[in-house]
């Protein structure tokens, strides 16, 4: 079947500026996409630690980007305080990225990416960098709500890690009321989460016990293991999860879920 998501209503909770690729892939598979962002992003509230790190960029052996947003806000702050783009290309600065999308963002920002995680997750990136970062100084610009496993993994690898908050992860200014009502009524087929924050912010609008019940009627999809773990720990059924975290693989996993006929299993679960 060329369009396994035809007539399927899919809710996407990513921020609009980050949802474009995912929405495009879903729509190519025939999905009727409801965009209902539950996250937004903003620059760090207190920029002094990030500013100081930027001024000392030449002192670091590694610069590790855990997300596309980390690249974006790191570079925006660098421009704001007059850090030249040429400093990003210092030959002795090794740049690592959590996955291909973040690697591309860093390259487009002017960095020479020395390493991109084969398995796009913070935990995997720390493990893969172990043999490179021992005894090295590492700058880690991150979200104020970042998963700490990347930081701890680098520290366990005996890296000298300086982590700074580059941006904040916030709830959406306003939730799409129409999509929210459809979701609560079980009138959509699936809802997709690309981060634990996206899920936890939804619980501000729908209590966790209700979300757990809802997940027996609507297929909840997680972009990767970290997000899936957050959903399961909250008692939510995760019906769809790709092997690795990426927007393209998430859309592909949703398409394959319906193409192989898993939906009748979900319908059976809704009646229990």
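When the chain is treated as a Gaussian network with alpha carbon springs shorter than 10 Å, the biggest mean-square fluctuation among 34, 131, 72 belongs to 131.
Figure the gain on full extension for residue 92 and residue 119 (residue separation times 0.36 nm, minus the Cα-Cα span) and round it to one decimal in nm. Write down the numbers at each step before the final one.
Numbers: separation 27, 0.36 × 27 = 9.72 nm, distance 2.50 nm.
Computed gain between residue 92 and residue 119 is 7.2 nm.
Considering only 99, 30, 135, the Gaussian network model of the chain with Cα springs below 10 Å gives its largest mean-square fluctuation to 135. Working from label points 7 Å from Cα in the Cα-to-Cβ sense, the residue 61 to residue 128 distance is 2.0 nm.
The fewest-to-most ranking of 14, 237 by surrounding Cβ atoms within 10 Å reads 237, 14. DSSP finds beta bridges in region 42-170, and of those with both partners inside it, around 10 percent are antiparallel. Using the Stokes-Einstein relation with a Kirkwood hydrodynamic radius computed over Cα pairs, the translational diffusion coefficient of region 141-272 at 37 °C and a viscosity of 0.692 mPa s comes to 202 µm²/s.
If a/c stays under 1.5 just call it rounded; otherwise compare a/b with b/c (prolate if a/b is bigger, oblate if not). Do that for region 19-73, with a ≥ b ≥ c from the square roots of the Cα gyration tensor eigenvalues. Please report the intermediate quantities before stating the final value.
Numbers: a/c = 6.33, a/b = 2.40, b/c = 2.63.
In terms of gyration-tensor shape, oblate.
DSSP beta bridges confined to the chain are antiparallel in about 15 percent of cases.
What 222 nm value per residue comes from the helices of the chain, counting each DSSP H run with n ≥ 4 as -39,500 (n - 2.57) and dividing by all residues, nearest 500 deg cm²/dmol? Working shown, then result.
On the way: 12 runs with 115 residues, N = 272.
Taken over the chain, the calculation gives -12000 deg cm²/dmol.
Estimated from the Cβ-Cβ distance and a Förster radius of 30 angstrom, the FRET efficiency linking residue 137 and residue 229 is about 0.45. When Rg and the Kirkwood Rh are both derived from Cα coordinates, the Rg/Rh ratio for region 59-99 amounts to 0.96. Just checking the listed ones, 91, 100, 120: in the Gaussian network model of the chain with Cα springs under 10 Å, the one fluctuating most is 91. Remark: 64, 175 ranked as 175, 64, counting other beta-carbon atoms within 10 Å and listing the fewest first. When the Cα convex hull of region 42-170 is projected onto planes of every orientation, the mean area is 6.7 nm². If you line up the long axis of helix 247-259 against the longest principal axis of the chain, both from Cα atoms, how many degrees apart are they, to the nearest 10? Orientation of helix 247-259: about 20 degrees from the principal axis. Across the alpha-carbon atoms of region 173-248, the computed radius of gyration and Dmax are 11.6, 32 angstrom. Report the residues of region 229-261 in range of a label on residue 184: point 7 Å along Cα→C-beta, backbone N strictly under 18 Å from it. Correct set: none at all.
Semi-axes, largest first, in whole Å: what does sqrt of 5 times each Cα gyration tensor eigenvalue give for region 1-115? Show your work: numbers first, answer last.
Details: eigenvalues 249, 56, 17 Å².
Over the Cα atoms of region 1-115, the semi-axes work out to 35, 17, 9 Å.
Its alpha carbons considered, the chain gives a radius of gyration followed by a Dmax of 19.7, 61 Å.
Quick note: the coordinates plus some simple rules give every number you see, no bench work behind them. All figures in this text were calculated on a predicted structure; none of them were measured in a lab. With ideal geometry, Cβ positions are generated from the backbone for all residues, glycine too; neighbour counts draw on all protein chains shown.
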